[in-house]
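Peer 1: Before anything else, here's the structure in question.
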Ligand SMILES: O=P(O)(O)OC[C@H]1O[C@H](OP(=O)(O)OP(=O)(O)O)[C@H](O)[C@@H]1O
Ligand SMILES: Nc1nc2[nH]cnc2c(=O)[nH]1
Ligand SMILES: [Mg+2]
């Protein structure tokens, strides 16, 4: 699949599975006090789709699944900094314990915007779980409660992450061969 486009596998399917299990265990411990009542996972589409579905299934306690779709990258490999809501939450989160689920924090611009947006809706608590973070790319510091992996400042794809809507369906995370985005392919 996508022969020759992936320069190297950064995180394997097995490593992702193990990390999701570990994150779910931590989250379950931290939200035990809710006794399965009010945890709302907010997955940020489209990138977080794989993390969201795997995390929700690995989480021992019940959680509601909500989705927002925002986009700041379009068909580029760097953030435009302009976040657009493509789909808003369907339900009110006032008084709910909200955990934002993200695939990656890169510049931090998307999440910084999203945190402000969701905080204004008065949730009981608001935390973030991200599978990936690029410490060397951060432009805005954002509080991250759960982080799966710190990765180098390379454009990665797979497991939900796209380049021009391709590669989201890869089961692992790989770095994209720069020839893919420099050739205009
Ligand atoms: O920290 P940042 O530099 O803001 O980048 C992180 C964001 O970029 C990606 O979304 P994208 O805008 O590509 O939309 P997508 O999830 O539909 O691919 C990713 O899913 C994060 O939401
Ligand atoms: N596919 C992809 N999307 C991103 N959005 C922010 N950073 C990245 C990245 O490294 N890869
Ligand atoms: Mg994208």
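Peer 1: Taking the mean number of other Cβ atoms within 10 Å as a proxy for protection, how do you rank 157-165, 84-92 from highest to lowest?
Peer 2: 157-165, 84-92
Peer 1: Quick check on the exposure proxy: order 12, 120 from fewest to most C-beta atoms within 10 angstrom.
Peer 2: Details: 12 13, 120 8.
Lowest to highest Cβ neighbour count: 120, 12.
Peer 1: Under a plain spin-label model, where a point goes 7 Å from the Cα along Cα-to-Cβ, how far apart in nm are residue 13 and residue 119?
Peer 2: It works out to 4.0 nm between the two label points.
Peer 1: Using label points projected 7 Å from each Cα along Cα→Cβ, tell me how many nm separate residue 172 and residue 149, to one decimal.
Peer 2: The modelled label-to-label distance comes out at 0.9 nm.
Peer 1: Sort 57, 133, 166 so the one with the fewest other Cβ atoms within 10 Å of its own Cβ comes first.
Peer 2: In increasing order of surrounding Cβ atoms, one gets 57, 166, 133.
Peer 1: Once the Cα atoms of the stretch 132-179 are picked out, what are the Rg and Dmax in Å?
Peer 2: Answer for the stretch 132-179, Rg first and Dmax second: 11.8, 35 Å.
Peer 1: Also: In whole percent, what relative contact order does the stretch 13-152 give with Cα contacts below 8 Å and a gap of six or more residues?
Peer 2: Averaging sequence separation for qualifying contacts and normalising by length gives 22 percent for the stretch 13-152.
Peer 1: Take residue 1, project a point 7 Å from its Cα along the Cβ direction, then tell me which residues of the stretch 104-144 have their backbone nitrogen under 20 Å from it.
Peer 2: Only 104, 131-132 pass the distance filter.
Peer 1: Determine one quarter of the surface area of the Cα convex hull of the chain, which equals its mean projected area, and express it in nm² to one decimal.
Peer 2: It is 10.0 nm².
Peer 1: Next question, about the same structure. Which ordering of 34, 109 is given by a fewest-first count of other beta-carbon atoms within 10 Å?
Peer 2: Numbers: 34 16, 109 20.
The fewest-first ordering by Cβ neighbours comes to 34, 109.
Peer 1: Kindly identify the stretch 67-165 as rounded, prolate or oblate by the Cα gyration tensor criterion: order the square roots of the eigenvalues as a ≥ b ≥ c, call it rounded if a/c is under 1.5, otherwise compare a/b with b/c, prolate if a/b is larger, else oblate.
Peer 2: It is prolate, given that a/c is not under 1.5 and a/b is the larger ratio.
Peer 1: Taking every DSSP beta bridge with both residues inside the stretch 13-152, roughly what % is antiparallel (nearest 5)?
Peer 2: 10
No value in this document is a laboratory result; all are computed from the given coordinates. Source: prediction; values computed, not measured. Backbone-built Cβ (ideal geometry, glycine too); neighbour counts: all protein chains shown.
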